[in-house]
Amino acid sequence: MFSYDAIVLGAGLSGAVMAQRLASLAGWRVLILEQRDHLAGNCHDESNSDGILIHRYGPHIFHTDKAEVWDYLSGFTDWIPYEHRVHGRIDGKLVPLPFNLNSIDALFPPDQAQQYSQLLLQEYGAEARVPILLLRQNADALLRQLADYVYDKVFRGYSLKQWGIDPDQLDPEVTGRVPVLVSRDNRYFQDPYQAIPAEGYTRMVERIVDHPLIEVRLGTPMRRHLQLNPHGTGFLFDGMPFTGQVIYTGMIDALFGFEFGALPYRSLRFELEQVSGPWQPVATVNYPNEHDFTRITEFGHFVGKANGPDVIMREFPMAYDVDSNDSSMPYYPLFTQANQALFERYKQHAAGIANLTLLGRLAEYKYYDMDDAVYKAMQMAAEVSEWSPTQA
Ligand code: UDP
């Protein structure tokens with residue numbers, strides 16, 4: 001009988017990298033079970049008839065400051081250099097986001113703009129990245145006035161749509177992702193490595209899992225092969241105790257039958273429209289204060305094809321409802337203190353299963369970017385492979 005040293009649940013970036021590392025570094029035989037009918041999880045993409053890569057589950061832009069992650073992925077893909085630019089529609093104008101000194105110039109009369117910019121530079125220094133929640137606590141009344149403006153016009157409406165709550169009820173890490181920049185750098189990310197995989201994320205993940213020791217079964221829900229044993233202390237694979245490693249990248253609450261209640265996740269509905277490009281000046285325009293959608297992304301910009309037939313995507317946020325029959329997916333953990341406390345209960349529970357590793361956005365209830373996901377998978381693979389697997 002063919003046996004496995006590890007079973008990975010989920011063929012997204014986290015699961016794929018974990019499987020590849022276990023197979024190539026430790027020589028493990030790895031089975032990946034993926035319930036969807038495709039690889040690459042939420043960074044799955046496909047080319048349309050005009051050769052434009054459409055990101056089915058929302059725009060994914062690769063960026064990292066970690067040379068290790070960049071070098072690793074570069075073994076599986078060529079890249080199209082791309083630096084993401086985002087505008088926000090504020091007071092009827094399109095201004096650069098993250099909100100920066102150029103945004104200030106675009107929105108305020110020259111004297112006021114100069115005053116704000118000078119204060120920011122004095123207080124934080126050139127190129128500083130200031131989380132909005134921190135800026136709101138500044139002792140200077142004028143800086144607080146600017147902070148309140150940015151909070152109201154950039155963060156409040158967007159967060160209400162995206163998360164269903166005010167920004168100050170969220171973990172500061174969430175709004176801290178898009179700080180106020182004391183800079184004239186109009187790029188969305190300042191990381192040294194920024195690019196789009198030349199043939200797409202799906203092709204990159206195909207190459208990652210293309211290894212003689214890795215078997216992938218798509219369209220295969222976990223329950224078809226793998227269950228918790230009746231005591232909840234380990235796993236059964238096709239009815240037999242499985243003593244290899246189980247790496248789980250799905251929703252942690254689902255793994256335990258929602259025993260402590262459902263963990264809240266946010267979802268999105270996407271609307272695609274064919275357009276003649278360039279339809280908007282930059283790849284993404286955010287609408288904090290208008291419409292039911294948060295942002296519109298025009299895909300051609302990612303791959304230098306913004307002239308000609310193009311596709312735009314509108315993102316409509318909503319709560320993820322595990323019982324609903326619609327096809328919505330959990331995309332984001334909803335970071336509040338109460339939800340993180342609930343997650344900790346599940347995590348404790350998981351710690352009671354010696355051969356279980358939780359990995360990725362849904363299993364670790366963490367707002368990982370793609371590079372974080374890859375980095376964590378690389379680290380965890382090194383740890384997991386130290387274990388001596390007993391074969392199934
Ligand atoms: N955000 C906001 N207004 C914006 C952009 C971002 O309020 O115009 C806040 C919002 O809470 C959002 C978070 O910052 O969910 C993170 O934004 P990011 O662009 O990183 O979101 P992602 O691309 O991961 O959906």
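The values are calculated or read from the model by the stated rules, or taken from the named source; none is laboratory data. In this text, all values refer to a predicted model and were calculated from it rather than measured experimentally. Here the Cβ is made from the backbone with ideal geometry for all residues, glycine too, and neighbour counts use every protein chain on show.
Residues of the stretch 161-190 that are more than 13 Å from the ligand (Cβ to nearest atom) and either touching a helix residue (DSSP H, G or I) at 6+ places or on another chain (Cβ under 8 Å) or small (Gly, Ala, Ser) (or both): VAL182, SER183, ARG184, ASN186. Annotation: LEU53 fulfils all but one of (1) buried (at least 23 other Cβ atoms within 10 Å of the Cβ); (2) closer than 19 Å to ILE247 by Cβ; (3) over 16 Å from the mean Cα position of the chain (by Cα); (4) among the hydrophobic types (A, V, I, L, M, F, W, C); the unmet one is (2). Search the stretch 161-191 for residues being basic (Lys, Arg) and over 17 Å from the mean Cα position of the chain (by Cα), and hand back the single one that is nearest to TYR320 (Cα to Cα). That would be LYS161. Need the failing condition index for ASP65 against (1) within 15 Å of the ligand (Cβ to nearest atom); (2) of a type in the set (D, E, K, R); (3) within 25 Å of VAL374 (Cα to Cα), just the number. Unmet condition: (1). Of the residues making up the stretch 105-160, just one is away from the ligand (no atom under 13 Å from the Cβ), surrounded by 15 or more Cβ atoms within 10 Å (Cβ to Cβ), under 31 Å from the mean Cα position of the chain (by Cα) and among the polar types (S, T, N, Q), namely ASN138. Among the residues making up the stretch 288-341, a single one is in a loop (DSSP other than H, G, I, E, B), more than 17 Å from the chain's Cα centre (by Cα) and crowded, with 20+ Cβ neighbours inside 10 Å: PRO288.
Would you confirm, using the coordinates I've provided, whether LEU120 is in a helix (DSSP H, G or I), under 30 Å from THR336 (Cβ atoms) and without any contact (Cβ under 8 Å) to a residue 24 or more places away in the chain? Considered against the rule, which asks whether it is in a helix (DSSP H, G or I), under 30 Å from THR336 (Cβ atoms) and without any contact (Cβ under 8 Å) to a residue 24 or more places away in the chain, LEU120 comes out as no. Of all residues in the stretch 138-177, those that are more than 19 Å from PHE293 (Cα to Cα) and out of contact with any Lys or Arg (no Cβ under 8 Å at 6 or more places or on another chain) total 17. Looking at the stretch 334-343, can you tell me whether even one residue there is in contact with an Asp or Glu (Cβ under 9 Å, 6 or more places away or on another chain) and either on the phi > 0 side of the Ramachandran plot or aromatic (Phe, Trp, Tyr) (or both)? Scanning the stretch 334-343 turns up at least one residue that is in contact with an Asp or Glu (Cβ under 9 Å, 6 or more places away or on another chain) and either on the phi > 0 side of the Ramachandran plot or aromatic (Phe, Trp, Tyr) (or both). Of everything in the stretch 1-16, what is more than 18 Å from MET251 (Cα to Cα) and either touching a Lys or Arg at 6+ places or on another chain (Cβ under 6 Å) or surrounded by 24 or more Cβ atoms within 10 Å (Cβ to Cβ) (or both)? Give them in sequence order. Across the stretch 1-16, the qualifying residues are TYR4, ASP5, ALA6. When MET251 is tested against (1) within 16 Å of the ligand (Cβ to nearest atom); (2) in contact (Cβ under 8 Å) with a residue 24 or more places away in the chain; (3) under 19 Å from the mean Cα position of the chain (by Cα); (4) crowded, with 16+ Cβ neighbours inside 10 Å, exactly one condition is not met: (1).
For ASP171, the test of being among the acidic types (Asp, Glu), surrounded by fewer than 18 Cβ atoms within 10 Å (Cβ to Cβ) and modelled with pLDDT under 95 is passed. Scanning the stretch 191-209 for residues that are in contact with a helix residue (DSSP H, G or I) (Cβ under 6 Å, 6 or more places away or on another chain) and within 16 Å of the ligand (Cβ to nearest atom) yields ILE196, TYR201.
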